[in-house]
Amino acid sequence: MAEEKQRPHREIPTKYDLDAKWDACLDLTIRRSFHSTLAGVFAALLLFRSPTSRWASVAFGAGVGIGRAYTECSTIFDGSPPKGPYSVSAGHSPSSQEEDK
């Protein structure tokens, strides 16, 4: 009887699955902020002596982690490719400018 009452489970395409996107985004944010904060703590302990400088290093590390997570989360939600190395078209290369002279 229990088998008869269950409705068939339809698969949601990953493009529209907001739950999976939010899970991935939350996971990225926690991991990136933790790892960058940890790197900031180690850098603070090795490089700085004053408490203010150490806290600034930790805060900078946390900010870098949150910023990286935000960038990747916006890529996950928008579906746009990440901003990477820019390619230069053939018309604007330095060698073509020298040939024009």
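Each reported figure results from applying straightforward, stated rules to the coordinates on display, with no laboratory input. Remember, it's a predicted structure, so these values are computed and weren't measured experimentally. For neighbour counting, all protein chains shown are included, and Cβ atoms are generated from backbone atoms with ideal geometry for every residue, glycine included.
Annotations
- In percent, rounded to a whole number, the relative contact order of the stretch 16-79 is 43, using alpha-carbon pairs under 8 Å and six or more apart.
- Between H35 and K21, the modelled labels are 2.3 nm apart [label points 7 Å from Cα along Cα→Cβ].
- Per-pair calculated FRET efficiency, R0 = 35 Å: S50 and I76 via Cβ, rounded to 0.05: 0.35
- About the Cα centre, charge dipole magnitude for the stretch 16-79 (Lys/Arg +1, Asp/Glu -1 at Cβ), debye: 540
- Relative exposure of R49, R54, R31, R10, judged by other C-beta atoms within 10 Å (fewest first): R10, R49, R31, R54
- Residue order, fewest to most beta carbons within 10 Å, for T75, T29, T37: T75, T29, T37
- Most tightly packed first, judged by the mean number of other beta-carbon atoms within 10 Å of their residues, the peptides 62-69, 39-46 read 62-69, 39-46.
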